[in-house]
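The values are calculated or read from the model by the stated rules, or taken from the named source; none is laboratory data. What you see is a predicted model; the values in this text were computed from it and never measured. Methodologically, a virtual Cβ is constructed for each residue, glycine included, from the backbone with ideal geometry; neighbour enumeration extends over all protein chains shown.
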Amino acid sequence: MTSITKPQVRHPGLKKNALGFTQRDYEGAMSTLCAGCGHDSVTAALVQACFELALPPHRAAKMSGIGCSSKTTAYFMRDSHGFNSVHGRMPSVTTGANAANRDLTYIGISGDGDSLSIGLGQFCHAIRRNVRMLYLIENNGVYGLTKGQFSASADVGSTSKKGETNVQPPIDPVLLALTLGATFVARGFSGDKAQLIPILKAGLSHNGLAMVDIISPCVTFNDHEGSTKSYKFTREHDVEISAADFVPLRREIKAPGTNEAISTVTMHDGSVVRFRKTHEGYDPTNREAAYAHVRACQQRDEVATGLLFIDEHGADMHAVWKTVATPLVDLTYEQLCPGDAALQALMEKYR
Amino acid sequence: MSGVNDFAFRMATVNGTGSASSNSLLMQAIFRMGIPVTGKNIFPSNIQGLPTFYDIRVSKDGYTARPQEMDLVVTLNPSTYAKDVASVRKGGYLLYDSSWPLEPDLVREGITILGIPFGKMCVENFEGDRNRTLLRNIVYSGALAAFLSMDMEVVGQMLTEKFSKKKGLLDANRRAIQLGFDYAKSHFECPLPFHLDHMDATGDSIIIDGNSAAALGAVYAGATVGAWYPITPSTSLMEAFTSFCKKFRTEPETGLARYCIIQAEDELSAAGIAIGAGWAGVRAFTNTSGPGISLMQEFVGLAYYTEIPAVFFDIQRTGPSTGMPTRTQQADLMSLAYASHGDTKHIVLFPCNPEECFYMSVKAFDLADRFQTPVFVASDLDIGMNDWMCKRLQWDDSFRPDRGKCLTADELESVMKFSRYLDAEGDGIAARSLPGVHGHGAYFVRGSGHDKHGTYTEDADAYQEVVDRLARKFRLAATAVPAPEIHTVPGAEVGIVSLGGCHAAVLEAIDRLRDMGIVADYMRIRAFPFDAPVRAFLDSHAVTFVVEQNRDAQLRSLLAIETGKPRDEMIPVLDYGGMPLTAMSVVSAVSGHLPRPDTKRSPRKKRKVPA
Ligand SMILES: Cc1ncc(C[n+]2csc(CCOP(=O)(O)OP(=O)(O)O)c2C)c(N)n1
Ligand code: SF4
Ligand SMILES: [Mg+2]
């Protein structure tokens, strides 16, 4: 996993967030991805989202597996802890970290190979456990890092750079997540930051696992005529089903500038997500409707994007297991060790 | 064997019929009579309907290894009659259910056959098929109480404790015990020549299985995250951890849990959860058996190279592959010591009984934190699942966990550039920082090549600097892990090396060998890596035997690889059929290898026959 240290230049005039940080403070090492790689745009959107949310960098943990996408955890928030684990296993490592310290903000970054092939099981089970984290799949339909083999999200008929045609049906992480009971499901496009940033911000505030599938073209191996994960295809077939604005806590909700119907969802921390329903009758709090819409789009050869489903009342892993509010890592040894008197009392049961 | 407080008996039953609880009742009653006792459950890998055996050994001398011979066999499973009859020692007894006639070909010369119509008695006295099946176990327990002169007051007391909340069951069980007892008393001469007599030898002892003890160790070590995937014979470890946590770790004011136990989707995930939690700063563990260890390999290498503490309990069972899931073995030694690809080496602890499972479990967490690395505790099915008599567990309330070099927020405040893998103190251990503690401690964990600062590298020197330090750290660990237990006797020419659950049988074998005129020193390996005393012991004997429970002499290989002692200078004594080791198999292997100690002197006569 390569990275190059980026020189830190201070610009006194830069805008600061509530913590006094500039957007630059949310950047990381210099990317070593191919120029034009969709993943770099996702990184840029994340930098902006975290800056705007004024996340304290040292309270965030960037988690990833292996792949070009998974490398990007090095390219933002240099003052956050990062964990580049093993291929497809980011969800379990994040589950463990979250079990130990529930108060950190976990940003999990994965690829379509990482989450839909080798790590499909872990992806599904992290959703089932509803581990509180932002879970991004930077989806390019190929294994970028191993030079362009089809991944499990390549569409039927999609062609590889070498000219082979994919014949196996794709796994759609959005449909899968909806089926598995995910409490936050969205899809974005690396080329549409305006849409992506509010989704990322909402996901970071979500009280559970926020799954965001991001079409993120691989310019080197899968951005050509015939690829359904190319910039061209996505620009032409992207249908925004529900646009989201994210309004952090204690900020005035401005009246929407359009005359479209607006609905709002209040997040557990009091912040608010507003939806502009660009698609008539779409209700992002109705799982069945969300599923049906995504399927209907798929059949029309369209890619449904936007915040597709949200349930802010789902119990996260800690609520399910009824763990204490204090992160386990902050409990003192005295709170954990029952002591000799208790041991001796227990020993009577073994006599 | 065979005498007062020195004999063994077996219950041959069918699993799923409730015999497990009556068998442990018998064992506990003997224990409460103050007599040293061990129980070995030999069970099949299914839920109901297959043969299962429970062997109880009574030993006034405190021997706890599996008995070699049965003085008495209770045969209640027609499908194993033939085997059961054959397993009675010459001059021993067979007790069968005479509700049905015993087939003539099962009658054996030289043993005494006792028949009691257990089934018929249950039909006459109790209602309902299920009740009758369950109580048949209690009826034969009553008969055994008479044959072995068990203290009926103790038995009655135990039933009262067990069924204190179920009056109906208590009455039925009391009646069943008495039925068996009275029948035996009135039809046979009781007690048998070998039987029980009150002693005072179990006062500071308990009866516990290794998995419960290891789980208790995890509680006392302060572990808060446990991740697992069910597998025999390790499952009961997490079950025990769960119940201890419910008891000891429930926040009094809120009823909320001061622990998080996650049944993962597989062992890969369980390992990942333990490592993620270890990275985030808690004490975390996973428990599994061989197949799970195989699945965890990639993660173990990650934790080794990125230096994250986590404890792995391997309750070994018979391999390879699925093998025999309900049989014991010590065949994961090599795969634990060098788990994962690349140059990897790990700390492995080898508890020899439940008592040591408790203390070594605590030790494992300390070592994992201090050396920032995965630590394995290599137990096995025999230790983990069987009931062992051992010393009452003690806890020193002044104990505080050794969290190793873990920087606090205050310490990090003054750190300007944190370098995760810098050997600042020259001992091979770099200080770590936990996520969320302080911005200055932020760093990037990567399983890919990194230099001492934690930065990505493909530079040969920078890479080697880190892995060479890991090797130094490992050498230091050799001096910090539990030292071998060494017993020396003046004039011993033979050295015996063993580990783990073989201990009890080897100790007994050494006594028997001495009776035969063979004097042996003994070294019990308690941990990997090995320190200098291990090689010194290997060099100090003309003949050295290595006793272990696997086919390929894995401990011998580890000793050869790591100490340089030539492999062929160590004679392997191998027992790998899946049953707990017996003293006799060690005695015959060792004595068979040696020139008879008496051949040069007066032949034969001086040789004592084993008692
Ligand atoms: C166990 C294992 N098998 C194979 C690999 C090789 N490998 C590295 S990245 C990768 C695929 C990554 O694909 P994806 O997650 O889609 O990421 P992308 O590079 O496309 O962003 C593979 C197969 C590995 N690192 N580990
Ligand atoms: S190979 Fe593809 S996915 Fe990887 S960095 Fe290059 S463009 Fe991005
Ligand atoms: Mg990919």
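Considering the stretch B:1-36 alone, what residues qualify as being touching a helix residue (DSSP H, G or I) at 6+ places or on another chain (Cβ under 7 Å) and either surrounded by 21 or more Cβ atoms within 10 Å (Cβ to Cβ) or not charged (D, E, K, R) (or both)? Steps first, please.
Restricting attention to the stretch B:1-36, the residues satisfying the condition of being touching a helix residue (DSSP H, G or I) at 6+ places or on another chain (Cβ under 7 Å) are B:11-13, B:17-19, B:22, B:25-26, B:28-29, B:32-33.
Those that are touching a helix residue (DSSP H, G or I) at 6+ places or on another chain (Cβ under 7 Å) and either surrounded by 21 or more Cβ atoms within 10 Å (Cβ to Cβ) or not charged (D, E, K, R) (or both): B:Met11, B:Ala12, B:Thr13, B:Thr17, B:Gly18, B:Ser19, B:Ser22, B:Leu25, B:Leu26, B:Gln28, B:Ala29, B:Met33.
For A:Glu236, indicate whether it is touching a Lys or Arg at 6+ places or on another chain (Cβ under 9 Å), modelled with pLDDT of 75 or more, within 18 Å of A:Ala154 (Cα to Cα) and away from ligand 1 (no atom under 16 Å from the Cβ). Working first, answer last.
On the way: touching a Lys or Arg at 6+ places or on another chain (Cβ under 9 Å): no; modelled with pLDDT of 75 or more: yes; within 18 Å of A:Ala154 (Cα to Cα): yes; away from ligand 1 (no atom under 16 Å from the Cβ): yes.
Taking the combined requirement at face value, the residue does not satisfy it.
So, in the stretch B:17-53, how many residues would count as being of a type in the set (Lys, Arg) and within 17 Å of A:Tyr350 (Cβ to Cβ)?
Pass one, the stretch B:17-53, residues of a type in the set (Lys, Arg): B:32, B:40.
The next check asks that each one be within 17 Å of A:Tyr350 (Cβ to Cβ); those that pass are B:32.
Selection size over the stretch B:17-53: 1.
Which of the residues belonging to the stretch B:398-414 are within 11 Å of chain A (Cβ to nearest Cβ) and assigned to a helix (DSSP H, G or I)?
Once the filter is applied, which keeps residues that are within 11 Å of chain A (Cβ to nearest Cβ) and assigned to a helix (DSSP H, G or I), the stretch B:398-414 yields B:Ala409, B:Leu412.
Given A:Leu19, A:Leu14, which one is touching a Lys or Arg at 6+ places or on another chain (Cβ under 8 Å), farther than 28 Å from A:Ala177 by Cα, assigned to a loop (DSSP other than H, G, I, E, B) and away from ligand 3 (no atom under 16 Å from the Cβ)?
Details: A:Leu19 fails: touching a Lys or Arg at 6+ places or on another chain (Cβ under 8 Å).
Result of the check over A:Leu19, A:Leu14: A:Leu14.
Would you check if B:Ile293 is in contact with a strand residue (DSSP E or B) (Cβ under 7 Å, 6 or more places away or on another chain), facing chain A (nearest Cβ under 7 Å), touching a residue at least 12 places away in the same chain (Cβ under 8 Å) and β-branched (Val, Ile, Thr)? Quick ask: steps written out before the conclusion?
Details: in contact with a strand residue (DSSP E or B) (Cβ under 7 Å, 6 or more places away or on another chain): yes; facing chain A (nearest Cβ under 7 Å): no; touching a residue at least 12 places away in the same chain (Cβ under 8 Å): yes; β-branched (Val, Ile, Thr): yes.
So B:Ile293 does not fit the description; no.
Given the residues B:Ile47, B:Ile116, B:Ile56, B:Ile111, which is the only one that is buried (at least 17 other Cβ atoms within 10 Å of the Cβ) and under 28 Å from the mean Cα position of the chain (by Cα)? Before you say what the answer is, go through the steps one by one.
Working: B:Ile47 fails: buried (at least 17 other Cβ atoms within 10 Å of the Cβ); B:Ile116 fails: under 28 Å from the mean Cα position of the chain (by Cα); B:Ile111 fails: under 28 Å from the mean Cα position of the chain (by Cα).
Going through B:Ile47, B:Ile116, B:Ile56, B:Ile111 in turn, the sole match is B:Ile56.
Pairs under 6 Å by beta carbon, first residue more than 9 Å from chain B (Cβ to nearest Cβ) in the stretch A:56-68, partner assigned to a loop (DSSP other than H, G, I, E, B) and within 16 Å of ligand 2 (Cβ to nearest atom), six or more apart or different chains?
A:Gly65/A:His87; A:Gly67/A:Leu145; A:Cys68/A:Leu33; A:Cys68/A:Gly144; A:Cys68/A:Leu145
Out of B:Leu555, B:Leu581, report the one residue that is part of a helix (DSSP H, G or I), crowded, with 18+ Cβ neighbours inside 10 Å, within 19 Å of the chain's Cα centre (by Cα) and not hydroxyl-bearing (Ser, Thr, Tyr).
Values: B:Leu581 fails: part of a helix (DSSP H, G or I).
Only one candidate passes the filter, namely B:Leu555.
Tell me, which helices (runs of 4 or more DSSP H) wholly within the stretch A:50-135 include 1 or more residues that are at pLDDT 95 or above and more than 16 Å from ligand 3 (Cβ to nearest atom)?
It comes to A:90-100, A:120-129.
Out of all the residues in the stretch A:159-166, is one or more outside any helix (DSSP H, G or I) and within 14 Å of chain B (Cβ to nearest Cβ)?
If we filter the stretch A:159-166 for residues that are outside any helix (DSSP H, G or I), which is where we start, we get A:159-166.
Right, trim to within 14 Å of chain B (Cβ to nearest Cβ) and you get none.
Looking for residues that are outside any helix (DSSP H, G or I) and within 14 Å of chain B (Cβ to nearest Cβ), one finds none in the stretch A:159-166, hence no.
Going through the stretch A:191-226 one residue at a time, which ones are in a helix (DSSP H, G or I) and either within 15 Å of ligand 2 (Cβ to nearest atom) or without any contact (Cβ under 8 Å) to a residue 40 or more places away in the chain (or both)?
To start, the set of residues in the stretch A:191-226 that are in a helix (DSSP H, G or I) comprises A:193-205.
Within the stretch A:191-226, A:Ala194 is the sole residue that qualifies.
Filter the stretch A:114-143 down to the residues that are away from every other protein chain (no Cβ under 14 Å) and in contact with a Pro (Cβ under 9 Å, 6 or more places away or on another chain), then identify the one that is nearest to ligand 1 (Cβ to nearest atom).
Looking at residues that are away from every other protein chain (no Cβ under 14 Å) and in contact with a Pro (Cβ under 9 Å, 6 or more places away or on another chain), I get A:Asn140.
Return the residues of the stretch B:232-266 that are within 21 Å of B:Asn353 (Cα to Cα), among the hydrophobic types (A, V, I, L, M, F, W, C) and out of contact with any strand residue (DSSP E or B) (no Cβ under 6 Å at 6 or more places or on another chain); say none if nothing qualifies.
Across the stretch B:232-266, the qualifying residues are B:Ala240, B:Phe244.
Go through the stretch B:98-207 and tell me which helices (runs of 4 or more DSSP H), entirely inside it, have 1 or more residues that are within 14 Å of chain A (Cβ to nearest Cβ) and acidic (Asp, Glu). Before you say what the answer is, go through the steps one by one.
Details: elements: B:118-125, B:129-147, B:152-162, B:167-187.
Helices (runs of 4 or more DSSP H) meeting the threshold: B:152-162.
Please pick out the residue among B:Ala280, B:Ala240, B:Ala271 that is within 7 Å of chain A (Cβ to nearest Cβ) and hydrophobic (A, V, I, L, M, F, W, C).
Every option except B:Ala280 fails the conditions.
Confirm whether A:His58 is surrounded by fewer than 24 Cβ atoms within 10 Å (Cβ to Cβ), over 15 Å from the mean Cα position of the chain (by Cα), more than 16 Å from ligand 1 (Cβ to nearest atom) and not aromatic (Phe, Trp, Tyr).
Criteria met by A:His58.
Whether any residue in the stretch A:144-156 is within 30 Å of A:Thr32 (Cβ to Cβ), within 16 Å of ligand 1 (Cβ to nearest atom) and within 14 Å of chain B (Cβ to nearest Cβ) is what I want to check. Explain how you work it out, then say what you get.
Narrowing the stretch A:144-156 to residues within 30 Å of A:Thr32 (Cβ to Cβ): A:144-155.
Filter once more, so that each one left must be within 16 Å of ligand 1 (Cβ to nearest atom): A:144-155.
This time we only want the ones that are within 14 Å of chain B (Cβ to nearest Cβ), so: A:145.
Checking the stretch A:144-156: at least one residue is within 30 Å of A:Thr32 (Cβ to Cβ), within 16 Å of ligand 1 (Cβ to nearest atom) and within 14 Å of chain B (Cβ to nearest Cβ).
Take the residues in the stretch A:302-329 that are in contact (Cβ under 8 Å) with a residue 12 or more places away in the chain and in a helix (DSSP H, G or I), then tell me which one is nearest to the chain's Cα centre (by Cα).
Ranking the candidates gives A:Met317 first.
Of everything in the stretch B:387-397 that's touching a residue at least 40 places away in the same chain (Cβ under 8 Å) and assigned to a loop (DSSP other than H, G, I, E, B), which residue is nearest to B:Gly439 (Cα to Cα)?
Within the stretch B:387-397, the subset touching a residue at least 40 places away in the same chain (Cβ under 8 Å) is B:387-393, B:395.
Adding the requirement that they be assigned to a loop (DSSP other than H, G, I, E, B) leaves B:392-393, B:395.
Working: B:Arg392: 46, B:Leu393: 43, B:Trp395: 38 Å.
Among residues in the stretch B:387-397 that are touching a residue at least 40 places away in the same chain (Cβ under 8 Å) and assigned to a loop (DSSP other than H, G, I, E, B), the one nearest to B:Gly439 (Cα to Cα) is B:Trp395.
For the stretch B:224-243, name all the residues that are within 15 Å of the chain's Cα centre (by Cα), under 12 Å from B:Thr288 (Cβ atoms) and small (Gly, Ala, Ser).
Residue satisfying the conditions is B:Ser234 alone.
Note down all Cβ pairs under 7 Å where the first residue falls in the stretch A:227-248 and is over 25 Å from A:Asn286 (Cβ atoms), the second is outside any helix (DSSP H, G or I) and of a type in the set (Val, Ile, Thr), and they're at least six residues apart or on different chains.
A:Ser227/A:Thr159; A:Lys229/A:Ile215; A:Thr234/A:Ile215; A:Thr234/A:Val303
Applying the selection to the stretch A:30-54, what residues are away from ligand 1 (no atom under 13 Å from the Cβ) and touching a strand residue (DSSP E or B) at 6+ places or on another chain (Cβ under 6 Å)?
Once the filter is applied, which keeps residues that are away from ligand 1 (no atom under 13 Å from the Cβ) and touching a strand residue (DSSP E or B) at 6+ places or on another chain (Cβ under 6 Å), the stretch A:30-54 yields A:Met30, A:Leu46, A:Val47.
Restricting the stretch A:18-35 to residues that are within 16 Å of ligand 2 (Cβ to nearest atom) and touching a helix residue (DSSP H, G or I) at 6+ places or on another chain (Cβ under 9 Å), which is nearest to A:Ala60 (Cα to Cα)? Even if it seems obvious, please write down each step before you answer.
Of all residues in the stretch A:18-35, those within 16 Å of ligand 2 (Cβ to nearest atom) come to A:28-35.
Adding the requirement that they be touching a helix residue (DSSP H, G or I) at 6+ places or on another chain (Cβ under 9 Å) leaves A:28-34.
Working: A:Gly28: 13, A:Ala29: 16, A:Met30: 19, A:Ser31: 20, A:Thr32: 23, A:Leu33: 23, A:Cys34: 27 Å.
Among those that are within 16 Å of ligand 2 (Cβ to nearest atom) and touching a helix residue (DSSP H, G or I) at 6+ places or on another chain (Cβ under 9 Å), it is A:Gly28.
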